[in-house]
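Handing you this structure, nothing more for now.
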Amino acid sequence: MPDKPELMQMMSQLIETPSVSCTNPDIDMSNQPVIHLLANWLSELNFKVEIIPVSDGKNNLIATRGSGDGGLVLAGHTDTVPYDENRWQHNPFKLTEANHRLYGLGTSDMKAFLALAIEAALMFKAEDYKQPLIILATSDEETTMEGAKTLVEISKPRARYAIIGEPTGMKPIRMHKGILMEAIRITGLAGHSSDPRLGHNAMEAMHTVITELMQWRNELQQQYKNPLFEVPVPTMNLGHIHGGDNPNRICGSCELHIDIRPLPGMQLDELRYQLNQRLSRVIPENGFKLETFPLFSGIPAMETDSTSELVKAAEKLTGQTSGSVAFGTEAPFLTQLGIETLILGPGNIDQAHQPDEYLELNRIQPTLDLLHKFIYQFCIS
C-alpha cells in the first residue's frame, strides 16, 4: 500500500489550508487548495479521483474505490464559515491540541471528518471492496450549496447509501427541516408627513403584511406537526426590517426579510406560491407595489425512511434511535440522486460557527470504529 499521511497530519493540513466560504466576495476564498490536498492523497492511495468544477475557484471531488451499483458515500464539505480572529484564543488555522480537544476552524464543522473517512477506508485492502466506497468533498455548503447542486445537475455520484459527517455528536440523524429565506419589499410614495394625502405609507402597508404573515404562520403550525422534531412545527421568523428615512417623511419603501423552516413534506415552491398569493390579497390595490424574492434558493427539508437499511444499521451500531435537527445540510441534494442519506459526525453543532471550534479527542477512535463497520457492511461483506 502506498504511504499516506498520518491521521493527525491529514487533519492538520486540512485545518491549515483556509477555505472560507462567504457571500462577501472580499472574504470568500477558493477551496481548490483543500481539494488538491485530498486529490493528491487519494490518488496516491489508488482511488479513482475526479475533480468537478463548480464555479470560479470552487471544485467538488469524487474519489472512488471499488465498483458496483450499490456502495456507500462518505461526504463532507470543504468550506468553513468566516471567523472573528479577535474572539479566538487559538489560531484558527492551526490544529492545536489542548484540554483533550483539537482546536481549529473546521475541526467540528467539518474538515476533520474527511480525514477520518480516508483513514477508515484504508482499514481495508483495495481488493476487499465488493461495492464502491466514495469519498465526496463539496464546495460552498456554508453559503450557496452550489457544490451539492452541481452534483444533482451532473447526476453524480451514484451509490445506494450516503453518510454526511456534519456535527451530530455521533447521533444518527435521518431528517431535518428545510430553510427558506425570503425578502418582501413594498414600494409606496414618500411625501411630507404633515399631510398623509401626499403619499402612500409603505410601513403601514407592511404592518398589514406582518399581520397576514403571523396568521399564515399560525395556520401552518396547525396544519403541520412532527413530534420527532424538538420544535415540532414549521417556524417563521421575522428577522430584519427596514423602512423610511426620517420621521417627518411618509415612508416610501419598506423591506422585510423572513426565515421559514418547513418540515419534511412541505415543498419550497409551494410555500413561495402561498406567500405571494396571501400577500397579494392584503396589499391595497392602489398606491403600492409588492415584490417578493428569495434571498437564496433555499434548502429542502429531508427525510430518510426509518426502515432504510442504513438507518437501521446506524441505530444498531450507535445504540441510539435516529433523530432530527433543525439545521440544513446537503442531504436533500443527495436524496435527489436516489441515495438514501444519513447525517452522522463526531463534532457537536454547539461548536459549529463558534470561536475556538473544537473536536473532542475521545470522539476520534469511536468515529473510526463506526465508519469501519459501515464500510464493512455496505462495501465489503
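The values are calculated or read from the model by the stated rules, or taken from the named source; none is laboratory data. Everything quoted here is computed from the prediction, not taken from an experiment. Positions of Cβ are backbone-derived with ideal geometry, glycine not excepted, and every protein chain shown enters the neighbour counts.
On the basis of being closer than 30 Å to residue 137 by Cβ, outside any loop (DSSP other than H, G, I, E, B), touching a residue at least 24 places away in the same chain (Cβ under 8 Å) and not hydrophobic (A, V, I, L, M, F, W, C), does residue 185 make the cut? It would help to see each step written out before you state the result.
Values: closer than 30 Å to residue 137 by Cβ: no; outside any loop (DSSP other than H, G, I, E, B): yes; touching a residue at least 24 places away in the same chain (Cβ under 8 Å): yes; not hydrophobic (A, V, I, L, M, F, W, C): yes.
It is false that residue 185 is closer than 30 Å to residue 137 by Cβ, outside any loop (DSSP other than H, G, I, E, B), touching a residue at least 24 places away in the same chain (Cβ under 8 Å) and not hydrophobic (A, V, I, L, M, F, W, C).
If a residue has to be aliphatic (A, V, I, L, M) and over 15 Å from the mean Cα position of the chain (by Cα) to count, how many in region 118-151 make the cut?
Step one: list which residues in region 118-151 are aliphatic (A, V, I, L, M), which gives 118, 120-123, 126, 133-137, 145, 148, 151.
Narrowing the set further to residues that are over 15 Å from the mean Cα position of the chain (by Cα) leaves 118, 120-123, 126, 133-135.
Within region 118-151, residues that are aliphatic (A, V, I, L, M) and over 15 Å from the mean Cα position of the chain (by Cα) number 9.
So how many residues does region 163-214 have that are under 30 Å from residue 77 (Cα atoms) and of a type outside the set (Asp, Glu)? First the steps, then the outcome.
Filtering region 163-214 down to residues under 30 Å from residue 77 (Cα atoms) leaves 163-183.
Then keep just the ones that are of a type outside the set (Asp, Glu); that gives 163-165, 167-181, 183.
Result for region 163-214: 19.
Any idea how many residues of region 28-50 are part of a loop (DSSP other than H, G, I, E, B) and either at pLDDT 95 or above or of a type outside the set (A, V, I, L, M, F, W, C) (or both)? Steps first, answer last, please.
Keep residues of region 28-50 that are part of a loop (DSSP other than H, G, I, E, B), which gives 28-31, 45-47.
Subset that is either at pLDDT 95 or above or of a type outside the set (A, V, I, L, M, F, W, C) (or both): 28-31, 46-47.
Qualifying residue count for the region: 6.
Now, a different point. Read through the list (1) touching a strand residue (DSSP E or B) at 6+ places or on another chain (Cβ under 8 Å); (2) basic (Lys, Arg); (3) under 30 Å from residue 337 (Cα atoms), then give the number of the only condition that residue 101 fails.
That leaves (3) as the condition not met.
Would you confirm, using the coordinates I've provided, whether residue 326 is surrounded by fewer than 16 Cβ atoms within 10 Å (Cβ to Cβ), touching a strand residue (DSSP E or B) at 6+ places or on another chain (Cβ under 9 Å) and assigned by TED's automatic domain parsing to the domain that holds residue 120? Quick ask: steps written out before the conclusion?
Details: surrounded by fewer than 16 Cβ atoms within 10 Å (Cβ to Cβ): yes; touching a strand residue (DSSP E or B) at 6+ places or on another chain (Cβ under 9 Å): yes; assigned by TED's automatic domain parsing to the domain that holds residue 120: yes.
Yes; evaluated as a whole, the condition is true for this residue.
Also: Out of the residues in region 345-359 that are touching a strand residue (DSSP E or B) at 6+ places or on another chain (Cβ under 7 Å) and under 18 Å from residue 117 (Cβ atoms), which is surrounded by the most Cβ atoms within 10 Å (Cβ to Cβ)?
Top of the filtered list is 359.
When you check residue 275 against the structure, is it in a helix (DSSP H, G or I), at pLDDT 95 or above, out of contact with any Leu (no Cβ under 6 Å at 6 or more places or on another chain) and under 23 Å from residue 302 (Cβ atoms), yes or no?
yes
Taking region 339-372 as the region of interest, how many residues are of a type outside the set (A, V, I, L, M), touching a residue at least 60 places away in the same chain (Cβ under 8 Å) and closer than 30 Å to residue 69 by Cβ?
Qualifying residue count for the region: 6.
Out of curiosity, is residue 288 aromatic (Phe, Trp, Tyr), closer than 30 Å to residue 209 by Cα, assigned by TED's automatic domain parsing to the domain that holds residue 145 and in contact (Cβ under 8 Å) with a residue 12 or more places away in the chain? Let's see the steps before the verdict.
Numbers: aromatic (Phe, Trp, Tyr): yes; closer than 30 Å to residue 209 by Cα: yes; assigned by TED's automatic domain parsing to the domain that holds residue 145: no; in contact (Cβ under 8 Å) with a residue 12 or more places away in the chain: yes.
The answer is no for residue 288.
Need the failing condition index for residue 263 against (1) in contact with a Lys or Arg (Cβ under 7 Å, 6 or more places away or on another chain); (2) assigned by TED's automatic domain parsing to the domain that holds residue 216; (3) surrounded by fewer than 17 Cβ atoms within 10 Å (Cβ to Cβ), just the number.
Residue 263 satisfies every listed condition except (3).
Identify, by number, the condition in (1) in a strand (DSSP E or B); (2) buried (at least 22 other Cβ atoms within 10 Å of the Cβ) that residue 241 doesn't meet.
Result: residue 241 passes all but (2).
Check whether at least one residue in region 51-61 is part of a helix (DSSP H, G or I), in the same structural domain as residue 109 (by TED's automatic domain parsing) and touching a Lys or Arg at 6+ places or on another chain (Cβ under 9 Å), and report yes or no. Before you say what the answer is, go through the steps one by one.
Within region 51-61, the subset part of a helix (DSSP H, G or I) is none.
Scanning region 51-61 turns up no residue that is part of a helix (DSSP H, G or I), in the same structural domain as residue 109 (by TED's automatic domain parsing) and touching a Lys or Arg at 6+ places or on another chain (Cβ under 9 Å).
Here's something else I'd like to know. Any residue at all in region 35-54 that is out of contact with any Ser or Thr (no Cβ under 8 Å at 6 or more places or on another chain) and under 20 Å from residue 82 (Cβ atoms)?
no
So, one more: Considering only residues that are in contact (Cβ under 8 Å) with a residue 24 or more places away in the chain and either assigned to a loop (DSSP other than H, G, I, E, B) or not assigned by TED's automatic domain parsing to the domain that holds residue 258 (or both), look in region 195-205 and name the one that is nearest to the chain's Cα centre (by Cα).
Narrowing region 195-205 to residues in contact (Cβ under 8 Å) with a residue 24 or more places away in the chain: 196, 198-205.
Among the residues that remain, those that are also either assigned to a loop (DSSP other than H, G, I, E, B) or not assigned by TED's automatic domain parsing to the domain that holds residue 258 (or both) are: 199, 201.
Details: 199: 44, 201: 39 Å.
So the residue we want is 201.
Just a yes or no: is a residue in region 191-202 under 18 Å from residue 260 (Cα atoms), touching a strand residue (DSSP E or B) at 6+ places or on another chain (Cβ under 6 Å) and crowded, with 17+ Cβ neighbours inside 10 Å?
no
From the list 72, 61, 42, pick out the single residue that is more than 23 Å from residue 328 (Cα to Cα) and of a type in the set (A, V, I, L, M, F, W, C). Please lay out each step first, then the result.
Details: 72 fails: more than 23 Å from residue 328 (Cα to Cα); 61 fails: more than 23 Å from residue 328 (Cα to Cα).
Testing whether each residue is more than 23 Å from residue 328 (Cα to Cα) and of a type in the set (A, V, I, L, M, F, W, C) leaves just 42.
Among the numbered criteria (1) in contact with a Gly (Cβ under 8 Å, 6 or more places away or on another chain); (2) outside any loop (DSSP other than H, G, I, E, B); (3) surrounded by fewer than 17 Cβ atoms within 10 Å (Cβ to Cβ), which single criterion is violated by residue 287?
(2)
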